[in-house]
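Input: a single structure, listed below in structure tokens.
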Amino acid sequence: MSDTKTAPEAQARKIPAPAVTIESKPFWDAAAEGRFLIKRCNGCGKAHWYPRAICPICFSDDTVWEESPGEGVIYAHSVMRRSPTGPFAIGYVTLDEGPAVLTNFVDCDLDALAIGQRVKVKFQETENGPPVPVFSPV
Amino acid sequence: MSIKGKAYIMGAYEHPLRDAPDKSTPQIHAECAKGALEDAGLTKDDIDGYFCAGDAPGFGGMSMIDYMGLRNVRHMDSTETGGSSYILHVGHAAQAIAEGKCKVALITLAGRPRQNQFGGFGGGARPGKLTDGPPEAGFENIYGGTTHNTYAMCAARHMYEYGTTSEQLAWIKVAASHHAQWNEHAMLRDVVTVEDVLNSPMISDPLHRLDCCVVSDGGGALIVTSPEIARSLNRPMVKVIGAGESPKGPMGGHDLDLTHSGALWSGPIAFEEAGVKPSDMKYASIYDSFTITVLMQLEDLGFCAKGEGGKFVADGNLISGVGKLPFNTDGGGLCNNHPTNRGGITKVIEAVRQLRGEAHPKVQVPNCDLAIAHGTGGSLGTRHGSATLIMERE
């Protein structure tokens, strides 16, 4: 265990299978195909995250899936130093479409991550579940 | 005061489905809410009170309030009495309305016992199978989020926006340790310095080990009585004069602001009801799961301007007998205890000691007649419930 900053390394932490509900299943089916979906509301026109059947902004039930390039900037992040599988970075990404997404940052120098940095989605395999969205610097 | 004639049931909706394989439980809660709102001729943003029981996924109402985007909720109740909960909730809602705590209360029930093959409550993943737990679980629980790293994100963002420093955060721990040295039950009784905090191991950037509260067993209890019974007892009287509450969550991920807590709303409600202001407080119990928790809540409660928390807590300003705002004179969660990872009740207990004049003589605030106890539950980094209580010595 190190008390100091760590050398650049990829996240070694394995990601568990996500809990998939009947409401979120289309997202995970698309994730299995490498596509990143968000929900947009036809009532107010806004995209939101995490995806819901009813818009959390205007309460319309006319929400539709939309494929997103999955690009945005880091809103905030933290590198967890005390982890049995080594350091990993958690953070929020503000997508270009507007909403913020909780995620991990992978395949990068964790110590070089910075608020405002541009990142893009990729998918990481999970243990016996669909792949989940994570982000890497562009 | 009675509830008689103080509240009316103006919206009601029964979900038409008897078999709902294609909808999640949170979705059915929201569809019922939508139906009842339409029946009443109200909108989502009119709701300022939310009532649910154990069928609502997540903890308390936090997941469903966030799922539905109920931005104006200022009163919450998740009393669980099984199938009777919702009848009881109408009574509780009437009480809350009669007392001015909310004006439009929403009560929801939903579930899918016929889909039990998909797994009932609980957010746990069942690889290859569908689940029906808290709606955020699949999108959040996979990323290794803990209290440490989600609060750390708040600290990181606060530093980014306001220039807050680790040294300033460390002063909060230093103050707590100055108090804990006098508490024979405190887990950490050694007085620490800013350097000690900064030299302790980094847990999750930018929070060090000494920025974190202790993990402890234990507990606490409170007795609240009517004025008549209070007067009949041979104990100093601590009067409740104001209370406020508020949820906060990403609510769809727009305008995410990790530098604010729900205290921004619960605080003013409590101060207004009490007819006092932050500068009137002689003592403050502030939830201290982490140093950043204290700093953000002090700002949001109005003890200093937003972004000025770092300067406010520095140089011993929170130390009893030294600074302007004595806080957590039992040593708080940072040094004393944090029973079952829920520090709310100990915050009230130490405030009661101060108001009674029964705190340790080394930390007792002279003539302590007004005090605040404030806390947040859940995570400031995701979704949380905020509660503010103002008390006065009589």
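Structural remarks
- Failed item in (1) under 20 Å from the mean Cα position of the chain (by Cα); (2) within 30 Å of B:F139 (Cβ to Cβ); (3) not small (G, A, S), with B:P268 passing the rest: (2)
- Among the residues of the range B:15-39, those identified as in contact (Cβ under 8 Å) with a residue 12 or more places away in the chain and among the acidic types (D, E) are B:D19, B:E31, B:E38, B:D39.
Residue-by-condition table, conditions (1) touching a Pro at 6+ places or on another chain (Cβ under 7 Å); (2) touching a residue at least 12 places away in the same chain (Cβ under 8 Å); (3) surrounded by 20 or more Cβ atoms within 10 Å (Cβ to Cβ):
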| residue | (1), (2), (3) |
| --- | --- |
| A:H48 | yes, yes, yes |
| A:E71 | no, yes, no |
| A:A76 | no, yes, yes |
| A:M80 | yes, no, yes |
| A:T85 | no, yes, no |
| A:Y92 | no, yes, yes |
| A:C108 | yes, yes, no |
| A:D111 | yes, yes, no |
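- Here B:T43 passes the criteria (1) surrounded by fewer than 18 Cβ atoms within 10 Å (Cβ to Cβ); (2) over 19 Å from A:C44 (Cα atoms); (3) within 11 Å of another protein chain (Cβ to nearest Cβ) except the one numbered (2).
- Test for B:T291: is it of a type in the set (V, I, T) and touching a strand residue (DSSP E or B) at 6+ places or on another chain (Cβ under 8 Å): yes
- Residue within the range B:147-164 that is away from chain A (no Cβ under 14 Å), over 24 Å from the mean Cα position of the chain (by Cα) and not hydrophobic (A, V, I, L, M, F, W, C) present: no
- Helices (runs of 4 or more DSSP H) completely within the range B:1-113 that count 1 or more residues being over 22 Å from B:E136 (Cβ atoms): B:25-40, B:85-98
- Put simply, of B:R189, B:R235, B:R231, B:R209 the only residue that is among the basic types (K, R) and within 10 Å of chain A (Cβ to nearest Cβ) is B:R209.
- B:P134 surrounded by 23 or more Cβ atoms within 10 Å (Cβ to Cβ) and either within 14 Å of chain A (Cβ to nearest Cβ) or of a type in the set (V, I, T) (or both): yes
- Matching residues, the range A:98-128, being within 11 Å of chain B (Cβ to nearest Cβ) and touching a Gly at 6+ places or on another chain (Cβ under 8 Å): A:G98, A:P99, A:A100, A:V101, A:L102, A:T103, A:N104, A:F105, A:L113, A:N128
- Considering the range B:184-301, the qualifying helices (runs of 4 or more DSSP H), each wholly inside and each with 2 or more residues that are under 25 Å from B:G323 (Cα atoms), run over B:194-199, B:263-274, B:291-301.
Laboratory data are not the source of any read-out in this text; all were calculated from the coordinates shown. Note that this is a predicted model, so its numbers are computed, not measured. Heads up, the Cβs are rebuilt from the backbone with ideal geometry, glycines too, and the neighbour counts pull from every protein chain shown.
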